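Chemist: Below: one structure in structure tokens.
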Amino acid sequence: MAIKIHSIKIAPQYLNAVVAGQKKAELRRNDRRYKVGDVLSLCGWKHGKYTGKEWAAVITHVLPVNEVMSDAEDWVVLSIREMMPTEALAYILSNGFEFVGVDYAR
């Protein structure tokens, strides 16, 4: 089965922390049914516009938040590992993929 590439918006300060290897988790509504092995295409987003900066991360673990907080249904904590662009490309090509575009309603 092919991995999914989820293109998601992220504020510049958090994107910079991912690139620096400091941010290793992402809290998200699970409206895309994230799975281990899927790729996040993290797109910088500031003042309602894309910044042009983009980075990739692979999902290494999915924690359903309702397992630790009963009132947080359909939210997940995604453990992530950032990937250099060439590493991300090789990973995607070797696994096959399905692109899940940006949700412009967010």
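Chemist: Between Glu73 and Ala20, what is the label-to-label distance in nm when each label sits 7 Å out along the Cα-to-Cβ direction?
Modeler: Result for the modelled spin labels: 3.9 nm.
Chemist: Say R0 is 30 Å: what FRET efficiency, to the nearest 0.05, do Lys35 and Gln13 get from their beta-carbon distance?
Modeler: For R0 = 30 Å, the calculated efficiency reads 0.65.
Chemist: Moving on. Going Cα to Cα from Lys23, which aspartates and glutamates come in below 14 Å? Please leave out same-chain ones fewer than 8 positions away.
Modeler: Correct list for Lys23: Glu82.
Chemist: Right, another one. Straight-line reach from Lys4: which lysines fall under 17 Å, measuring Cα to Cα and dropping same-chain residues less than 8 apart?
Modeler: Counting by Cα, and skipping residues close in sequence, Lys4 has these lysines nearby: Lys35.
Chemist: If you don't mind, another one. Whole number please: convex hull volume per residue of the Cα set in the range 40-87, in Å³?
Modeler: So the per-residue Cα hull volume is 89 Å³.
Chemist: While we're here: Looking only at the chain, where both bridge partners belong to it, what percent of the DSSP beta bridges are antiparallel (to the nearest 5)?
Modeler: Around 65 percent of the beta bridges assigned by DSSP in the chain are antiparallel ones.
Chemist: About the Cα centre of the range 3-100, what is the dipole size in debye to 20, counting +1 per Lys and Arg Cβ and -1 per Asp and Glu Cβ, all else neutral?
Modeler: Using only the charged Cβ atoms, the result is roughly 320 debye.
Chemist: When the scattering of the chain is computed by the Debye formula from its Cα atoms alone, each counted once and equally, what is log10 I(q)/I(0) at q = 0.11, 0.13, 0.14, 0.17 Å⁻¹?
Modeler: -0.33, -0.46, -0.53, -0.79
Chemist: Sticking with this structure for a sec: Percent relative contact order of the chain, based on C-alpha pairs within less than 8 angstrom and at least six residues apart?
Modeler: After rounding, I find 35 percent.
No value in this document is a laboratory result; all are computed from the given coordinates. The structure displayed is predicted, hence computed values, not measured ones. FYI the Cβ positions are ideal-geometry reconstructions off the backbone, even for glycines, and counts take in every protein chain you see.
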